[in-house]
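The values are calculated or read from the model by the stated rules, or taken from the named source; none is laboratory data. Remember, it's a predicted structure, so these values are computed and weren't measured experimentally. Here the Cβ positions follow ideal geometry from the backbone for every residue, glycine too, while neighbour counts run over all protein chains shown.
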Amino acid sequence: MNYGTLKAEQLVSLRDALEDLMLFVKKWQDHDVPDFYRYLDFMKNNIETCILTREDRGEGLIYLRKILQRDWDKANDECVGIPSCTLFAEDRRELFLQYLGLLDEVESYFALDMDLR
């Protein structure tokens, strides 16, 4: 996905992927909601706002994409983000693998946009 090909339909599926990840984290957390959760929430809310205000085309979409990339980068901060967070004990392997799958689904929307950083 890049600026030229990002479409409103992809925003809906990204929002849904974020929501699935957020629900999973909230349901299976062993402690308080992790710091990175708020950035996922920011991303979801920004997508919804963009769609509701019909800014899902042209310049509005390009600006949204930059904001989403910024928030995804913050959610993946090495010190307090997804990489530093242990949500599950080792004996909960199935949950951990499901969590990784949900992360991969969201990450796939950002994998091709290395030029944004």
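Applying the condition of being among the charged types (D, E, K, R) and under 18 Å from Ala17 (Cβ atoms) to region 71-117 and asking which residue is modelled with the lowest pLDDT yields Asp113. For region 44-52, the condition of being under 17 Å from Leu102 (Cα atoms), of a type outside the set (S, T, N, Q) and out of contact with any strand residue (DSSP E or B) (no Cβ under 7 Å at 6 or more places or on another chain) holds for at least one residue.
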